[in-house]
Structure formats: structure tokens, C-alpha cells
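In what follows, a structure is listed as C-alpha cells, so that the remarks can point back to it.
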Amino acid sequence: MKRIVRSPGSATIINAIATGFGSAFGIGLDIVCEARTANDSIRCSNDVGADNSLMEICVEKVFDYYNINKDEFGISLNTKSTLPMASGLSSSSASSNAIVKATSSIVSEEFDLKPLDDLEIINMAIDASLDAGVTITGSFDDATASYFGGVVVTDNRNREFIIKEKMDERTILIYMPNFYSKSGDSNPDRMKLLAPLVETAFDFAKQRNYFKALNLNGLIYSATLGFDSTIAIDALEAGAVASGLSGTGSSFVAVVDDNSIDEVVEAWSSYEGRVIKTNVDNVGCILME
């Protein structure tokens, strides 16, 4: 039996580390997971050279939920990604969503068991990410933006939605510098010092002023984490609708109209790195086969 699941990444509107409340939206870069049944054990591989611990934990959680003995039933997983790793674009959320969805689909059909519903998949994927140490807050905002697509505004501590809706179709530009940031290297206590400012940005998000929220959040976290906020300001000066740091970096995103794409790309050409062109994703995590 085989399952193929595609799960997009997401970009930050509000980083939840400071306050526990966050917001994110789906983007067109993704991770595709191919899962196949095997005689026994769990075999994982990926195309980016990442550690397989998160993949294995995701499968183990599905097996534990269904009381499956991995010595008697196995699964083989491979993921392919267009998402840059450790860049603030929710690669771990996309990966865990895809793996849990693919694995649970196979196991539930193979043993004629009740499939997991959407929120059960998301919560299991979040728990796996926490156990693997690849998230600080659990990233309910990132996980749900990845899983459902569109834009979400969330209470991460209680894993609840405040807003979940489709987002206007937009072109998204991503600036990727020639270095990477690991969320585990970030200092949550330092970020929480700026909670009152982040709360102001979050108020914009709750009012659906997503672009104002993204701009302000980006400036706050860039200053806190030591990133160059000029990158975002240059994009805005070149005509971007919004621009800011995504996650804890190192990527910056810019929301652009068709008539400002070239200008923003040109503005970012003076920085070392590369620019990726993608789009808002309103589809989310889907079973392709």
C-alpha cells in the first residue's frame, strides 16, 4: 500500500513565542511524503540530509495511537522538499503534518480502523515536533496554516482558532540569506520582553489587518533576534504590500503585487543570498495518492 501526501509550509504574520498567540499563512513551497507498507520496522529518508528523528517520532506516535507493533508491521517513508530547512518557513510543521497524515491513512485502512480527523492529525504532529525539540511553542499557528492553507490567527497555548479563513491570492517573495537559523538557538526569555509590542501587532491580526501585523511583527523580532530589518524596509520601499521576518529567521517574506515583483527582487539583489518566488497557498495538506 502506498500514500503520497503534500503539505505546504507557512509564513509568519505574528510569531507566538512572546505571547502565546500567533498568526501565519500557507505558502506554495511544500514537503511531499511518500509512505509505503513494509514487513517490519520504521525506515525514513529525506532529500535534504536532515536528521530523521522527527520522521520516526511521527510514525511512532501513530503506531502507539493504534497500538501497532513495529516488529510485526512496518512502514517506509521518504520526503522531498522545496522548503528551505531551518529558515522560519515551517518545514518541521509541514513535514510532521505530511508524515502523520500519510502514516495514519495507511494504518487505518490496513487494519480497518477509524481514520484520524484533521485536528487529531495536527495535534499528533505538534506533539511529535515538541518531542523532537524542533519547536518552542508547539507552533499551532504554523501547523494549522500548513494543514488547512489560508490564514490562521490562533491561541497556541490552548491550541484554539481565533480566525481561520482563505487568504487573498498573492505573490510571495522570500529572501533566503546564505546562513540558517535554528529555533532552538533563540532565546524565548529575550523575546518575551517585547510582549507588549507584539500584543499591539496581534491586535492588528485579530482585526484582519494582516499586512500591518506582519510588518510590525517583523520589525520587533528582527530587532530582538539581531536580524537586519533593512531587508524588510527595502522591500516596502520597492512597493511590497508587506514584508517581515518569518518565524525566528533567517528568511524574510514580502507580499507583492504583480507590478512590484521585479522592484522587490532588485532591492534584495544587493544582499547575499537568493530570492524565491511563490504564492499564497489556500489548499493545505492533501492526500495526492
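Every read-out reported here was derived from the displayed coordinates using simple, explicitly stated rules and does not represent laboratory data. Note that the coordinates shown come from a computational prediction; the quantities given were computed from them, not determined experimentally. Using ideal geometry, Cβ is built from the backbone for each residue, glycine included, and neighbour counts are taken over all protein chains shown.
A few points about this structure:
- What the Cα atoms of the range 1-82 give is an Rg and a Dmax of 15.6, 46 Å.
- An oblate overall shape is assigned to the range 171-279, the ratio a/c of its alpha-carbon gyration tensor axes (a ≥ b ≥ c) being 1.5 or greater and a/b not exceeding b/c.
- What separates the Cα centres of the range 1-68 and the range 211-289 is a distance of 24 Å.
- Overall form of the range 56-123 per C-alpha gyration tensor (a/c, 1.5; a/b vs b/c): prolate
- For the chain, calculated [θ]222 nm from helices alone, where every DSSP H run of n ≥ 4 adds -39500 (n - 2.57): -11500 deg cm²/dmol
- Placing unit charges on the Cβ atoms only, positive for Lys and Arg and negative for Asp and Glu, gives the range 171-279 a dipole magnitude near 500 debye about its Cα centre.
- Here the Karplus relation 6.51 cos²θ - 1.76 cosθ + 1.60, evaluated at θ = phi - 60°, turns the backbone of the range 169-175 into coupling constants of 5, 9, 7, 10, 9, 10, 9 Hz, with x for every Gly and Pro.
- Protection proxy ranking for 43-50, 80-87, 246-253, using the average of other Cβ atoms within 10 Å per residue and placing the highest first: 246-253, 80-87, 43-50.
- For the range 10-162: relative contact order, % (alpha-carbon pairs under 8 angstrom, 6 or more apart): 33
- Each residue of the range 28-35 is assigned a 3J(HN,Hα), and the resulting list reads x, 7, 8, 10, 10, 10, 10, 10 Hz, derived from the Karplus form 6.51 cos²θ - 1.76 cosθ + 1.60 (θ = phi - 60°), x at Gly and Pro.
- For residue 171, distant residues with modelled amide H under 5 Å away: 256
- Spin-label model, residue 85/residue 158: points 7 Å from Cα along the beta carbon direction are separated by 3.7 nm.
- The value of relative contact order for the range 171-279, using C-alpha pairs under 8 Å at least six residues apart, is 41 percent.
- Relative contact order (%) - the chain, alpha-carbon pairs under 8 angstrom, separation at least six: 27
- Those aspartates and glutamates that a straight Cα-Cα span of less than 19 Å connects to residue 206, excepting residues fewer than 8 apart in one chain: 141, 142, 155, 160, 165, 168
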